[in-house]
Amino acid sequence: MKKRYLLAGVAGVVAGAMATKLLARPKDVSWTKSLAFIYYPEYSWFTTVGGVRIHYQEAGDENAPALVLIHGFISSTLIWSQVFLPLAEAGFHVIAIDLPGYGYSDKPNDARYTIDAQAHAVVSLMDRLGLEEAAIVGASYGGAIAATIALDYPERVARLVLIGAVSNDEPKKKVLLRILRLSLIGDIATPLFLSSRWILRKRMQKMYRRIGTVLDERMLAARHHLLATANTHRAMIRTVRRWNANRIQREAHLIHQPTMIIWGEDDTHIPLVEAFRLRDAIPKARLVIFRNCGHLPPTENPEKFVEVVRDFCKAAEPAVEKPLTLEIKKRQRLP
């Protein structure tokens with residue numbers, strides 16, 4: 001009997017602690033209180049698209065070829081921090097967006113948070129900025145959004161760059177995403193997962209630089225800061241529950257823009273086999289594989305990433321080539 005009471009007491013304490021944590025979450029991030037976490041705030045702008053306040057960063061000559069950078073799931077403009085200005089210096093007009101529900105953009109309660117809706121938001125931002133067309137660059141889940149723009153708004157896409165791109169619903173089978181999709185359980189587990197700095201550290205080590213990693217502590221703090229709010233948790237839950245990316249794999253053969261597919265050889269999040277499937281399906285695609293690299297080459301080898309994107313986007317109509325494998329030496333980054 002005493003053991004039963006003890007277990008009940010422990011369960012009550014745990015439940016109380018979880019409830020306190022959920023209730024104590026800030027509603028959203030404050031821009032003015034976040035300046036210590038923001039990379040290049042002098043390049044940040046806000047505008048309203050479809051009634052939603054959007055944060056984006058912009059650099060480079062406005063008359064130069066435009067590059068629109070789209071981040072992935074549980075992410076933000078932060079993933080482009082090491083390539084944002086170098087791409088501008090390479091001769092591009094660079095726009096990196098915080099998608100609705102992410103980063104410093106609004107996270108409306110009634111937003112759809114689907115791939116199609118996010119694609120529409122990106123094109124609407126292009127309209128707002130007066131960009132008739134651009135090279136669209138999408139990473140991970142943002143790759144699915146970029147591919148959707150190429151399919152639904154082909155006249156707006158000069159070239160397409162897909163980085164470790166989601167192209168189907170296979171990622172939904174991962175344990176974490178299965179949990180997040182569950183009613184009630186996912187509502188409780190998501191804040192606990194996203195608010196944990198320890199879990200975020202382990203995830204970044206595995207996904208980005210899983211071999212010989214020295215983690216960038218400033219980036220870790222900046223990402224954790226953005227993932228600790230109630231509005232972010234709600235947006236992430238709805239994104240997972242409305243995840244529908246199978247169309248990309250099914251209709252990839254309809255993408256006719258010159259396309260470069262970039263993948264890390266050691267990507268454990270989206271396996272390399274998906275890169276070959278996209279390469280074989282998209283008529284004008286070439287594949288660049290980064291050796292000794294995980295899920296996001298822009299983070300893991302920014303110099304080489306800028307080089308291959310620059311060469312691809314400034315070249316004449318590219319011929320279809322055999323896969324190009326880039327030997328990337330492991331390097332350490334000081335915290």
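Out of curiosity, is ASP280 acidic (Asp, Glu) and closer than 19 Å to ILE74 by Cβ? When the stated conditions are applied, ASP280 does not pass them.
Pairing each residue of the range 85-109 that is within 15 Å of PRO65 (Cβ to Cβ) with any residue that is hydroxyl-bearing (Ser, Thr, Tyr), provided the two are 6+ apart or on different chains, yields C-beta distances under 8 Å for ILE95/TYR56.
If you go through the range 278-302 and keep only what is more than 18 Å from MET207 (Cα to Cα), in a loop (DSSP other than H, G, I, E, B), touching a helix residue (DSSP H, G or I) at 6+ places or on another chain (Cβ under 9 Å) and not aliphatic (A, V, I, L, M), you end up with just PRO283. A single member of ILE237, ILE270 is of a type in the set (Val, Ile, Thr) and in a loop (DSSP other than H, G, I, E, B), and it is ILE270. Please find, among SER167, SER183, SER195, the residue that is surrounded by fewer than 22 Cβ atoms within 10 Å (Cβ to Cβ) and either touching a residue at least 40 places away in the same chain (Cβ under 8 Å) or within 27 Å of ALA134 (Cα to Cα) (or both). After applying the criteria, what remains is SER195.
The number of residues in the range 259-288 that are hydroxyl-bearing (Ser, Thr, Tyr) and over 24 Å from ALA134 (Cβ atoms) comes to 1.
Taking the criterion of being over 24 Å from GLY91 (Cβ atoms) and buried (at least 22 other Cβ atoms within 10 Å of the Cβ), the residues of the range 122-154 that qualify are SER140, TYR141, ALA144, ILE145, ALA147, THR148. Checking ALA150, ALA146, ALA117, ALA158 one by one, the residue that is more than 30 Å from GLU265 (Cα to Cα), out of contact with any helix residue (DSSP H, G or I) (no Cβ under 7 Å at 6 or more places or on another chain) and at pLDDT 95 or above is ALA117 and no other.
Condition check ((1) farther than 18 Å from VAL161 by Cβ; (2) at pLDDT below 95; (3) surrounded by fewer than 23 Cβ atoms within 10 Å (Cβ to Cβ)) across all residues:
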site: SER34; (1), (2), (3): yes, yes, yes
site: ILE38; (1), (2), (3): yes, yes, yes
site: TRP45; (1), (2), (3): yes, no, yes
site: ALA59; (1), (2), (3): no, no, yes
site: ALA64; (1), (2), (3): no, no, yes
site: TRP80; (1), (2), (3): no, no, no
site: LEU87; (1), (2), (3): no, no, no
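In this structure, VAL214 qualifies as assigned to a loop (DSSP other than H, G, I, E, B), modelled with pLDDT under 95 and more than 24 Å from VAL309 (Cβ to Cβ).
Against the conditions (1) under 20 Å from TRP31 (Cα atoms); (2) touching a Gly at 6+ places or on another chain (Cβ under 7 Å), GLY72 satisfies every one except (1). Quick check: is even one residue across the range 226-247 touching a residue at least 40 places away in the same chain (Cβ under 8 Å), farther than 23 Å from LEU177 by Cβ, touching a helix residue (DSSP H, G or I) at 6+ places or on another chain (Cβ under 7 Å) and surrounded by 16 or more Cβ atoms within 10 Å (Cβ to Cβ)? Looking through the range 226-247, none of the residues is touching a residue at least 40 places away in the same chain (Cβ under 8 Å), farther than 23 Å from LEU177 by Cβ, touching a helix residue (DSSP H, G or I) at 6+ places or on another chain (Cβ under 7 Å) and surrounded by 16 or more Cβ atoms within 10 Å (Cβ to Cβ). Taking the range 77-117 as the range and being assigned to a helix (DSSP H, G or I), hydrophobic (A, V, I, L, M, F, W, C), more than 26 Å from ALA36 (Cα to Cα) and over 14 Å from the mean Cα position of the chain (by Cα) as the test, only ALA117 passes.
The values are calculated or read from the model by the stated rules, or taken from the named source; none is laboratory data. Predicted model, so just to flag it, every value in this text is computed and none were measured. Don't worry about glycine lacking a Cβ; one is built from the backbone with ideal geometry, like all the others, and counts go over all protein chains shown.
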